Each structure stands twice: as C-alpha cells, then as structure tokens.
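Taking it in order: structure first as structure tokens, then the write-up.
The numbers here are math on the coordinates, done by the rules we state, and not lab data. Bear in mind that the values here come from a model prediction, so they are computed numbers and not experimental data. Positions of Cβ are generated from backbone atoms using ideal geometry, with glycine treated the same way; all protein chains shown enter the neighbour counts.
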Amino acid sequence: MQKEKIFETILVSVHQQTFKLNLFENETTKAFIEKLPLILEMNELGGNEKYFHFSTNLPTHSFNPKMIHSGNVMLWGSNSLVLFYKTFSTSYAYTKMGYIEDTTHLEEALGKGNVVVTFEKAL
C-alpha cells in the first residue's frame, strides 16, 4: 500500500500499548529521529488526530494526500507532528513521515482528549 522506502521502524507507546511506526526515508524523518526519544503531550483535534507543535522547524516536502489513513504520521506545516487515528479525506497539505503497521486498538489507546505519547527507537 505504501510506496515510499522504509528508513527505520520505531516504537510509539500510549497508555501501556506499543505500536510499530515505519518511517519513510526522507529529510523530515531523519531530523525527527535525531530528537528521539520523545515523550510528547499530544493534543486532540477534530476527533481524528493528535498533534504536537515542536519549538523548531523540520525539513518539509508538503503535498495534499487527498486521503488520510488511520495510523498515518505526518508533519503539518514545518513543526506540527500529527498522528491520525481515523481515515478521512482532506484538502490540507502534509509531509509524509510514516505509518503505524497495525492500527488495531490505536483509536482506543489514544482515547479522547489530550494524551501522552512516547516515541523511541526499537531495541
């Protein structure tokens, strides 16, 4: 389904559940990996995503994917990390970063409202 080359797989943990996040090979993900490990309080937006604004910008290559899939991880603008937990169409532009391999229980784990999410390299 994904055409981009996988660069690295990291772990995303929330509420004692861990998910594998496959990161694409691009400048955005390389800059993101340099920040790991991260423990982020991600905010709820629109009933379909969690986001976090970094204080510094990451490299971008934005485009409109037209369709967002549950488990997509993207950068909005140059500093907003977005983790999507529902599938929907969009008119916004994002930089692709990667996707959660198995989204079973992702929406349930993220819950409603803000949530603390850990991003770390796999052992």
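For the stretch 24-54, the candidate set comprises residues that are more than 21 Å from Ala109 (Cα to Cα) and among the aromatic types (Phe, Trp, Tyr); within that set, the residue that is surrounded by the most Cβ atoms within 10 Å (Cβ to Cβ) is Phe32. Let me confirm something: among Leu45, Leu83, Leu75, which residue is aliphatic (A, V, I, L, M) and without any contact (Cβ under 8 Å) to a residue 40 or more places away in the chain? On inspection, the qualifying residue turns out to be Leu45. Of the numbered criteria (1) in contact (Cβ under 8 Å) with a residue 40 or more places away in the chain; (2) at positive phi, the one Ala109 fails is (2).
The criterion of at least 2 residues that are over 12 Å from the mean Cα position of the chain (by Cα) is met, among strands (runs of 3 or more DSSP E) falling completely within the stretch 6-115, by 6-14, 17-24, 38-45.
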